[in-house]
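Quick notes on the structure that follows.
The values are calculated or read from the model by the stated rules, or taken from the named source; none is laboratory data. No experiment lies behind these values; they were computed from the predicted model shown. For neighbour counting, all protein chains shown are included, and Cβ atoms are generated from backbone atoms with ideal geometry for every residue, glycine included. With ligands, DNA and RNA removed, areas are computed over all heavy atoms of the protein, side chains included. Shrake-Rupley method; radii C 1.70, N 1.55, O 1.52, S 1.80 Å.
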Amino acid sequence: AKDLGRSRFCYFTPAMQEAAEIRLRLTNDLRHALTDNQIWVAYQPIVDLATGEIKKAEALVRWQHPTRGLVSPAEFIPIAEDSGLIAEIGSWVFHQVANQVAKWRVNHHSMFQISINKSPAQFHNNSDKMADWFEHLNRLGLPGGCIAVEITEGLLLDNSSVVSDKLLAFKDAGMQTSLDDFGTGYSSLSYLKKYHIDFLKIDQAFVSNLVANSTDMALCEAIIAMAHVLGMKVIAEGVETVEQRDLLIKAGCDYGQGYLFSKPVTAEEFEKLFPVEKTE
Ligand code: C2E
Ligand code: CA
Ligand code: CA
Ligand code: CA
């Protein structure tokens, strides 16, 4: 093992060295990010395609770094996972989202739902305590259905009991589940059925091909029909154009999410997207 370590050291280039140093620095900075109020939650609307109404939102975590500016979750979530900080961040996000959905259920739509992302590393993290989440919902008097948990395809192939126990615990608490990035991995119908997944999220790579590629359109129609047979609703991600939206409606898609409707925004900006209530 020592030899292997030494030979690996030989291939450690200056660029890799720099990347490792940046990562180390970010890991240290991330430790203080929560207490220093640098982490916040952005919300992106999920629109009912038939009516154009905003019925749901996806919560996307943001890190406003004091010197580096906005750091992408694609960069810091893996760091949070490797350092174990993900449990703390995930729990903080959940509490924010629960407080937010309570508010939006009162002043926007009584069935409003917010989805949160939960990575496989979070499922395997020992400090990831589901009971705290359920307790928080109880304190707020909220039903589990106000939250949907977005998971990825790989998780469904993970046979460990900790994964299935947590997935079933969500279901027991009445929370819904969404399969994220559908179409990019190794989807298996049997797993969708086994865990009673509620929503299928068609990946944006797929959506962006709809207009140019008629095979993708046919596939999309087939996926949506299949999802409906299994009792799932379908959300298309990364909807950027009116053409894409119209093809998705034609294919029978239930919900759309993407820059066409809105980018992820602050909670305050999100409320401005709600229709103005008539007061007369
Ligand atoms: P995701 O869950 O697939 O989220 C969708 C990503 O697509 C978001 O990137 C969103 O800003 C972006 N997006 C939405 N609409 C459009 C569009 O019309 N066009 C394009 N090009 N992009 C669009 P974001 O916010 O940078 O998040 C990246 C990834 O980071 C997420 O991918 C998710 O996997 C992860 N992530 C974000 N927040 C959390 C979190 O709280 N916990 C965990 N575990 N992961 C998170
Ligand atoms: Ca997601
Ligand atoms: Ca996605
Ligand atoms: Ca993704």
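Worth a mention:
- Taking every DSSP bridge with both residues inside the chain, close to 40 percent are antiparallel.
- The label-point distance for A19 and L168, in a model that sets each label 7 Å from Cα toward Cβ, rounds to 4.0 nm.
- Separation between Cα centres of the stretch 12-56 and the stretch 161-183, rounded to whole Å: 23 Å
- DSSP bridge pairs, the stretch 1-154: antiparallel proportion in percent, nearest 5: 65 percent
- Between 0 and 90°, nearest 10: helix 161-172 axis offset from the chain longest Cα axis: 30 degrees
- Partners for K272 among lysines (Cα-Cα distance below 19 Å; same-chain residues under 8 apart left out): K55, K56, K103, K263
- Q64/A131 FRET efficiency (R0 25 Å; Cβ-Cβ; nearest 0.05): 0.25
- Principal-axis analysis of the Cα atoms of the chain puts helix 130-140 at an angle of about 40° to the longest axis.
- Subtracting the Cα-Cα distance of N99 and T35 from 0.36 nm times their residue separation leaves 21.2 nm of extension gain.
- For the peptides 13-21, 257-265, 230-238, residues were scored by their other Cβ atoms within 10 Å and the scores averaged per peptide; the highest-first order is 230-238, 257-265, 13-21.
- Degrees between helix 86-107 axis and first principal axis of the chain (Cα, 0 to 90, nearest 10): 20 degrees
- D36 sits with roughly 90 Å² accessible to a 1.4 Å probe, with DNA, RNA and ligands left out of the calculation.
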